[in-house]
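Reviewing the structure listed below.
The values are calculated or read from the model by the stated rules, or taken from the named source; none is laboratory data. Owing to the predicted nature of the structure, the values given are computational and were not obtained by experimental measurement. Don't worry about glycine lacking a Cβ; one is built from the backbone with ideal geometry, like all the others, and counts go over all protein chains shown. The accessibility values were calculated without ligands, DNA or RNA, using every heavy atom of the protein model including side chains. Shrake-Rupley method; radii C 1.70, N 1.55, O 1.52, S 1.80 Å.
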Amino acid sequence: GESVGLHLPTLSVQEGDNSIINCAYSNSASDYFIWYKQESGKGPQFIIDIRSNMDKRQGQRVTVLLNKTVKHLSLQIAATQPGDSAVYFCAENRINNAGNMLTFGGGTRLMVKP
Amino acid sequence: EPEVTQTPSHQVTQMGQEVILRCVPISNHLYFYWYRQILGQKVEFLVSFYNNEISEKSEIFDDQFSVERPDGSNFTLKIRSTKLEDSAMYFCASSVQGGIEKLFFGSGTQLSVL
């Protein structure tokens, strides 16, 4: 069935390096995508979102890239810090979905080495 | 920053017992949600709630589940007769509006069914 999924379950990076977390989606009806960060013992925390009419959006130290041709989403974290260590989820939605039902991917654990 | 609060943080129950998970959404939010995360798996949508009605629900949200906003501040999830497979982390979330509004998640209630 159609789903949102992640390429890599674990990503280990050196502090100060840039991190790239990838996500593939297969639901062509999806037109809104969100990245969430989940720290141990906490709920998902919104990081950044992007609509399908865009291919790039930047936030503070984070950038989301959307490639609709290959149904691929990525999260780039610049100058990764120990506080970035967490599980990152992509999620998809449809803009006309009144119920705000997010479909989450499987998650990638980011480990930042000092 | 305002937070969604959930109680209890941990709940242990016997199979077949009823449990009520409680949430206090952010005060000016109008839309409320329950999601769950079985250990090591994706975060899954259960139900969305607006204006004292269910807006959308997933296949997981069967007749054993119900939601209620008993007063002006609390939002509850009741599982009528718990099963072993109901063991999961249950997250409450809220948003100002529906559609693709940013969701704010609580820290979750870890439910263990024995």
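Send over a whole-number figure in Å² for the accessible area per residue of chain A, probe 1.4 Å. Walk me through the intermediate numbers first.
Details: 5480 Å² over 114 residues.
Counting only protein heavy atoms, the per-residue value for chain A is 48 Å².
Give the Kirkwood hydrodynamic radius (Å, one decimal) of the protein assembly as shown, defined as one over the mean of 1/r across all pairs of different Cα atoms.
On the way: mean 1/r = 0.0553 Å⁻¹.
About 18.1 Å for the protein assembly as shown.
Which of the residues in region A:39-58 lose at least 40 Å² of accessible area when you go from the chain alone to all protein chains together (probe 1.4 Å)?
A:PRO44, A:PHE46
Report the normalised scattering of region A:4-113 as log10 I(q)/I(0) at q = 0.14, 0.22 Å⁻¹, calculated by the Debye formula with identical scatterers on the alpha carbons.
Rounded to two decimals, the profile gives -0.51, -1.22.
So, R0 is 30 Å and r is the distance between the beta-carbons of A:THR69 and B:GLN41; what FRET efficiency does that work out to, to 0.05? List each step's numbers first, then the result.
On the way: r = 29 Å, r/R0 = 0.98.
Working from the Cβ atoms, E equals 0.55.
Could you check how much of the accessible area of region A:4-113 is carbon and sulfur, as a whole percent, using a 1.4 Å probe? Write out the running numbers ahead of the final one.
Details: 2350 of 5060 Å².
Looking at region A:4-113 in its full context, I get 46 percent from C and S.
When ligands, DNA and RNA are left out and all protein chains stay put, how many square angstrom of accessible area per residue does region B:28-98 have with a 1.4 Å probe? Don't jump to the answer; show the numbers that get you there.
Details: 3390 Å² over 71 residues.
Accessible surface, normalised per residue, equals 48 Å².
Please work out the Cα center distance from region A:24-86 to region B:1-51, rounded to the nearest Å.
24 Å
Note the per residue figure in Å³ for the convex hull of the C-alpha positions in region B:23-114. Mind showing how you got there, number by number?
Details: hull volume 9.2 nm³, N = 92.
Taking the convex hull of the Cα positions in region B:23-114, it is 100 Å³ per residue.
What is the percent carbon and sulfur in the accessible area of chain B, measuring with a 1.4 Å probe over the protein chains and ignoring ligands? Before the final figure, lay out each step's value.
Working: 2650 of 5780 Å².
Its accessible area is 46 percent carbon and sulfur atoms.
Cross-link candidates for A:LYS37: which lysines have Cα within less than 22 Å, leaving aside residues fewer than 8 places away along the same chain?
The reachable lysines, counting only those whose Cα sits under 22 Å from A:LYS37, are A:LYS56, A:LYS71, A:LYS113, B:LYS42, B:LYS102.
Give the A-B buried accessible area in Å², both sides summed, 1.4 Å probe, nearest 100.
Buried area between the two chains comes out at roughly 1800 Å².
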